[in-house]
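Following: one structure in structure tokens, then a few remarks.
Derivation of every value follows stated rules applied to the coordinates shown; laboratory data play no part. All values reported here derive from a predicted model rather than from experimental measurement. All Cβ positions, glycine included, derive from the backbone under ideal geometry; neighbour counts span all protein chains shown.
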Amino acid sequence: MFDSGRLLCLWLFDTKSRIGFRLYEAASIGRDLDSVELFSLVIPGDSWFVLRCEMAGSFSLIGCTVAPGFDFEDFSLDDRAVLLGKFPQHAVLVREMAFEQEAFPGT
């Protein structure tokens, strides 16, 4: 859920696609609901996503709410090397957005 700041762009990696792994530029997250911006959206299970603030040097404050059925045992924050192994066809975005080493050891 968007709280404050500048427009975010979200990319959603859908791992359940019938044609295999696909990359979507899913949404613009922001407050201008009269345009194409969304205030909130649902990320499907078994998906990966990345957000980027669209204005350099600015910020966005967002929140993430999980629903019943969410289990931290099924959750991971993989580092760049792991994600490149899983999604080599999206290497440019992975290199740009993922941490070089595990961001939160033990997750």
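What is the spin-label model distance, in nm, from Leu61 to Leu84 if the labels are put 7 Å beyond Cα along the C-beta direction? With each label placed 7 Å out from Cα toward Cβ, I get 3.6 nm. The stretch between Phe70 and Val42, if pulled fully straight at 0.36 nm per residue, gains 8.8 nm over its current Cα-Cα span. Put a dot 7 Å past the Cα of Leu51, heading toward its Cβ, do the same for Cys9, and the two dots end up 1.6 nm apart.
Rounded to the nearest Hz, the phi-derived 3J(HN,Hα) couplings of region 74-83 under the Karplus curve 6.51 cos²θ - 1.76 cosθ + 1.60 (θ = phi - 60°) are 9, 9, 8, 10, 7, 7, 4, 4, 5, 5, where x marks glycine and proline.
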